[in-house]
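A.B. asks: The structure's right below; bear with me while I get my questions together.
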Amino acid sequence: MSRQSGDRLALVAFMQAGNTSVYAGSWRHPATEHRYLDASYYADLGRLLERGLFDLMFFDDRLAMPGIHGGSVADAVRYGARPVKLDLSLVLGVLSQATSDIGLGATYSTTYYAPYHVARTFATLDHLSAGRAAWNVVTSVNDREAQNFGVASHLNPAERYDRADEFLEVVTGLWDTWEDDALVRDRASGVYADPTRVHELDHHGAHFDARGPLTVPRGPQGRPVILQAGSSGRGRDFASRWAELIFTGDPGIQIAREHYADQKRRIAEAGRDPATVKICPMAYTVIGESAAHAAERERMFLDDLVHPTASLTLLSELMNYDFSVHHLDEPITDELIEKSTGIRGLVQNLRAHIGDTVRIRDLAGHRATLLQGPRFVGTATQVADQMEEWFTTDACDGFVLAATHLPGSFEDFVRLVVPELQRRGLHRTRYTGSTLRDHLGLERPSVSRGPAHV
């Protein structure tokens with residue numbers, strides 16, 4: 001696709017409500033603030049990102065401590081490999097009141113939650129935030145999560161996506177059980193709402209039964225914005241059907257261009273307009289006063305802060321496979337991949353980046369350090385140059401920015417890089433809409449009429 005004059009890149013902040021940023025070693029950084037159990041911490045981060053005029057901040061989540069590695073959570077606890085995860089509905093409640101413009105998103109699983117619960121949670125958030133809600137759809141990744149919900153083992157990838165497809169059908173159907181003009185609130189006649197405009201869903205499927213209607217009226221956005229990050233073939237097809245912002249993990253620009261073209265093609269084949277779906281790779285920025293200063297900061301992040309066992313702990317969590325029985329220099333074989341039931345697209349992406357021979361050490365570092373997306377390193381001008389190249393050469397529609405440490409990583413970006421992007425016309429100078437859909441240039445969806453009114 002060709003960029004038009006005035007096109008600007010989407011900026012999304014990738015958050016964790018816990019002891020680290022996405023970067024597993026961030027808790028050890030000397031400038032990291034350990035206030036993640038304090039509501040004011042999230043309020044401050046939200047206001048910082050809003051000053052930077054970000055489109056959205058969204059929070060990753062897991063439903064268990066990393067405990068696949070060695071069959072225990074001990075290493076996750078010992079090395080700080082994301083053992084802390086707060087309840088996101090409460091975190092976003094804080095942010096909905098502390099901010100007024102930035103989009104607010106959370107990760108919720110289609111494997112361990114019920115569609116009605118998810119539909120009501122995000123519809124409520126959309127109202128209480130005045131139209132800023134987003135749902136990051138995941139299918140969850142491992143057996144530890146399953147065991148926290150009374151299930152012995154995690155579903156295989158095909159079953160997870162079959163369930164997820166129906167889950168989305170139910171959730172979006174529930175969001176549409178109230179028409180936009182259903183609320184009457186006529187005190188004189190005593191009519192609160194028009195029952196011909198409130199519908200039962202009456203869904204009966206392979207995985208779910210849901211009668212409806214939802215107990216929350218249709219929100220300011222019509223439907224909250226849908227995010228998704230599938231990287232396998234099935235994951236890309238799922239994203240093509242449902243996602244409005246697709247979150248990718250492509251470490252190199254050529255891989256990203258190929259992924260971008262493939263995903264846009266799949267979106268068109270799914271009968272949707274590819275221009276209406278944003279594709280945004282995760283990226284880190286390491287900004288210095290000079291190129292040499294930035295390179296030194298990058299070296300510290302890569303070499304000094306993540307314990308190798310923490311890397312393996314997180315890799316085991318994501319692949320749903322215990323890597324403690326292997327040596328770090330063993331290659332990742334097809335046989336080993338078949339034994340795992342987690343995020344297999346990780347291996348595919350890394351092989352495309354470094355070649356067919358991928359060692360366990362490579363994959364572990366890919367997930368736990370700064371390797372799972374592009375690293376834009378240099379002065380503010382140099383970082384903006386790199387981001388502009390990706391955006392203008394069809395590698396992405398924007399970026400999901402992860403932090404090397406908090407709040408300093410985002411403070412550097414907002415203070416130094418945002419003005420440079422604005423000068424180039426690549427980033428807004430003010431919020432001009434009131435909802436997240438406005439920020440992302442997405443249309444408000446119309447109601448898909450339910451089968452029967454109440």
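Coordinate-derived values only; no laboratory data. Just so you know, these numbers come straight off a predicted model, no measurement behind them. Note that we place each Cβ from the backbone using ideal geometry, even for glycine, and neighbour counts take in every protein chain shown.
A.B. asks: Roughly speaking, what is the stretch gain from His327 to Asp273, that is 0.36 nm per residue apart minus the C-alpha to C-alpha distance, in nm to one decimal? Present the calculation step by step, with values, prior to reporting the outcome.
C.D. replies: Details: separation 54, 0.36 × 54 = 19.44 nm, distance 4.62 nm.
Answer, rounded to one decimal: 14.8 nm.
A.B. asks: Using DSSP, restrict attention to beta bridges with both residues in the chain and report what percent are antiparallel, rounded to the nearest 5.
C.D. replies: Roughly 20 percent of the DSSP beta bridges within the chain come out antiparallel.
A.B. asks: Rank the residues Arg197, Arg444 as a footprinting-exposure proxy: fewest other Cβ atoms within 10 Å of their Cβ go first.
C.D. replies: If I rank by nearby Cβ atoms, fewest first, I get Arg444, Arg197.
A.B. asks: Just to check I understand the Karplus step: with θ = phi - 60° and J = 6.51 cos²θ - 1.76 cosθ + 1.60, what whole-Hz values come out for region 15-25, glycine and proline as x?
C.D. replies: Karplus-based 3J(HN,Hα) across region 15-25 equals 10, 10, 9, x, 7, 9, 7, 4, 6, 5, x Hz.
A.B. asks: In nm, what is the difference between 0.36 nm times the number of residues separating Asn156 and Asp186 and their Cα-Cα distance?
C.D. replies: Stretched fully, the Asn156-Asp186 segment lengthens by 5.7 nm.
A.B. asks: Mind putting a number on the dipole of the chain about its Cα centre? Charges go on the C-beta only, +1 for Lys and Arg and -1 for Asp and Glu, and I need it in Debye to the nearest 20. Before the final figure, lay out the partial values.
C.D. replies: Details: 47 positive and 59 negative charges, 131 e Å.
Dipole of the chain, to the nearest 20 debye: 620 debye.
A.B. asks: Can you check what the Kirkwood hydrodynamic radius comes to for region 2-56, Cα pairs only, in Å to one decimal?
C.D. replies: 13.2 Å
A.B. asks: For the chain, take every pair of Cα atoms, bin their distances at 10 Å starting from 0, and report each bin as a whole percent.
C.D. replies: Histogramming the chain at 10 Å steps yields 4, 20, 32, 27, 12, 3, 1, 0 percent.
A.B. asks: Further question on the same structure: How would you classify region 16-166 from its alpha-carbon gyration tensor, with a ≥ b ≥ c the square roots of the eigenvalues: rounded for a/c under 1.5, else prolate if a/b is greater than b/c, otherwise oblate?
C.D. replies: Oblate shape, in that a/c is at least 1.5 and b/c is the bigger or equal ratio.
A.B. asks: What is the gain in length, in nm to one decimal, between Ala292 and Asp262 on full extension, counting 0.36 nm per residue of separation less the C-alpha to C-alpha distance?
C.D. replies: Computed gain between Ala292 and Asp262 is 7.1 nm.
A.B. asks: In what sequence do Thr177, Thr124 fall when counting other Cβ within 10 Å, fewest first? Don't skip to the end; give the middle numbers.
C.D. replies: On the way: Thr177 29, Thr124 18.
Ordered from fewest to most neighbouring Cβ atoms within 10 Å, Thr177, Thr124 come out as Thr124, Thr177.
A.B. asks: In whole Hz, what ³J(HN,Hα) sequence does region 136-151 give by Karplus (6.51, -1.76, 1.60; θ = phi - 60°), x for Gly and Pro?
C.D. replies: Values per residue, Gly and Pro as x: 8, 7, 10, 9, 6, 10, 8, 5, 4, 5, 4, 5, 6, 10, x, 10 Hz.
A.B. asks: Let me ask another. Quick one, can you get me the convex hull of the C-alpha atoms of region 83-220 expressed as volume per residue in Å³?
C.D. replies: Numbers: hull volume 17.9 nm³, N = 138.
Looking at region 83-220, the number lands at 129 Å³ per residue.
A.B. asks: In terms of modelled amide H atoms, which long-range or inter-chain residues lie less than 5 Å from the amide H of Tyr108?
C.D. replies: Residues meeting the criterion, in which the H sits 1.01 Å from N, are Asn136, Val138.
A.B. asks: In addition: Could you work out Rg/(2.2 N^0.38 Å) for region 39-116, with Rg from alpha carbons only?
C.D. replies: 1.32
A.B. asks: Sticking with this structure for a sec: Could you give each residue of region 176-187 its phi-based ³J(HN,Hα) in whole Hz, using Karplus coefficients 6.51, -1.76, 1.60 with θ = phi - 60°, and x for Gly or Pro?
C.D. replies: After applying 6.51 cos²θ - 1.76 cosθ + 1.60, I find 9, 6, 9, 7, 4, 9, 5, 6, 9, 6, 8, 4 Hz.
A.B. asks: For Val286, Val171, which order do you get if you count the other beta carbons within 10 Å of each Cβ and list the fewest first?
C.D. replies: In order of increasing Cβ crowding within 10 Å: Val286, Val171.
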